[in-house]
Amino acid sequence: MPNINNIKKYKNVHMIGIGGVSMSGIAEILVNWGFSVSGSDRSDSETLHVLRNAGIKIYVGHNAKNIEGADCVVYTAAIHPDNPEFVHAKELGIPLIERSTFLGELTRCYKNTIAVSGTHGKTTTTSLVSLCFIEAQKDPSIQVGAMLKELNGNYRVGNSENFIIEACEYVESFLKFSPKSEIILNIDNDHLDYYKNLENVKKAFIKYVKLLPEDGHLIINADDPNCLDLPVYSEAPAIKYGIENEDVDFSAQNIIFNEDGFPEFDVYKFGEFFGRFELSIPGKHNVLNALACITLCDAYSIEVSYMQTALKKFTGADRRFEFKGTVNGAKVYDDYGHHPTEVAATAKALKNKKYNQSWVVFQPHTYSRTFNLLDDFAQALLSFDNIIVTDIYAARETNTYNISSEDLVNAIIKQGKDAKYIPSLEACASYLKDNVKADDIVLTLGAGTVTNIGPMIVE
């Protein structure tokens, strides 16, 4: 069992927003270690049902009384300072710990925390690494940013010293972790509401690699020029992977795609044949994600056969090019992509599938991202045959940027491609039902509520 000395003082932990993706996993780990855990969330859910069955006291709705007996209160970044439980904890002098800070404390309990970071591909790569470790019977604990069929959830509680986590760079939250190994998939212009520019994003990753110990591992994507300088700042040795860059330790070659767009490829280690791998997820970008996983797993002496089996089994995390069903004889997929690079990668992956016409319903995510990357989004969407843009999903923001989805549609039209602005999801669903034909392919794209269109239209 991991060493829990640094958190033993918190025998009774209350969690505000316990139904969240990361919070629920933390709660299960704590219960498994013998802590008394309670938590609240604004509405009931399947996740809360699972937590109740694990012996966690759950409150639906927030009330000051809910924190009685707590030694500390863990809260998500989405919790407002006027939350009655937050306010009462402050009044009583109970330690208040933000979720990423507390997760950082958990990483210090494990000898071997593997953190998967990067602007794109974190969830898929964390999933791949996790399944390889499970296949190799290394009994890892896992925190991943989406639901996995293989886990029946988004977390796993193991009893080994291995802890595999998805490490998000937003507001530099990954700097609170204590990793033994890091995978850095890419560094891109994102979260500009916080970072302001790419240079500041890179500075955050430089700080991040400095967290590694000498006996750790730094796994970097050598195809991304923004990653190439990172080894200079790390005490851990760097292991490089790539497809295009020849100066790498691990490379993917002889890539082919089947009619579903799933790749098959050879991996070479230091120029020597390492193994042939097949994926059940589409796109060249997922070859890179798989290669990152293979590079990391080799550093932990996982046998090639275990990697091959795990990678072939994996059919994608929730909302990562997820097949939803059919409408009018057309296949419907849903994807979380909400950055121009992700949109472009998904569009490219689509090209490897067989279909008549492609339809995309894109929901921009946050006003700041839409404003800062408007032309990039327009360019990325051009690859689709039929483009529909629905209203911006605000998330945590107010529209101080005076930006709208109509601005994105106009930017696409300026590039010579037709696009439609359809504000509501219901209207988008009706339009698709009326216009999509057999052998077409439909993609709902974005990190917000656009995922609800699939259930509205599939037969």
Among (1) part of a loop (DSSP other than H, G, I, E, B); (2) under 18 Å from residue 358 (Cα atoms); (3) among the basic types (Lys, Arg), the one test that residue 396 misses: (2)
Among 343, 389, 409, which is in contact (Cβ under 8 Å) with a residue 60 or more places away in the chain and either more than 25 Å from residue 147 (Cα to Cα) or not aromatic (Phe, Trp, Tyr) (or both)? 343
If residue 34 passes every condition in (1) exposed (fewer than 15 other Cβ atoms within 10 Å of the Cβ); (2) not in a loop (DSSP other than H, G, I, E, B) but one, which one does it miss? (2)
Taking segment 307-345 as the region of interest, how many residues are in a loop (DSSP other than H, G, I, E, B) and among the hydroxyl-bearing types (Ser, Thr, Tyr)? 2
Enumerated strands (runs of 3 or more DSSP E) restricted to segment 211-286, each holding at least 3 residues that are in the same structural domain as residue 150 (by TED's automatic domain parsing) and closer than 25 Å to residue 187 by Cβ: 217-221, 238-242, 250-257, 263-269
Considering each residue of segment 48-76, count those that are surrounded by 14 or more Cβ atoms within 10 Å (Cβ to Cβ), in contact (Cβ under 8 Å) with a residue 40 or more places away in the chain and of a type outside the set (A, V, I, L, M, F, W, C), and give that number. 5
One residue from 158, 121, 145 being of a type in the set (Gly, Ala, Ser), touching a residue at least 24 places away in the same chain (Cβ under 8 Å) and on the phi < 0 side of the Ramachandran plot: 145
Within segment 194-210, the residues that are assigned to a loop (DSSP other than H, G, I, E, B) and either modelled with pLDDT under 95 or within 24 Å of residue 368 (Cα to Cα) (or both) are 196, 197
Members of segment 346-366 found to be assigned to a helix (DSSP H, G or I) and more than 26 Å from residue 430 (Cα to Cα), listed by number: 348, 349
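The values are calculated or read from the model by the stated rules, or taken from the named source; none is laboratory data. The model shown is predicted, which means the values in this text are computed figures rather than measured ones. Counting neighbours? That spans all protein chains shown, and the Cβs are built from the backbone with ideal geometry, glycine included.
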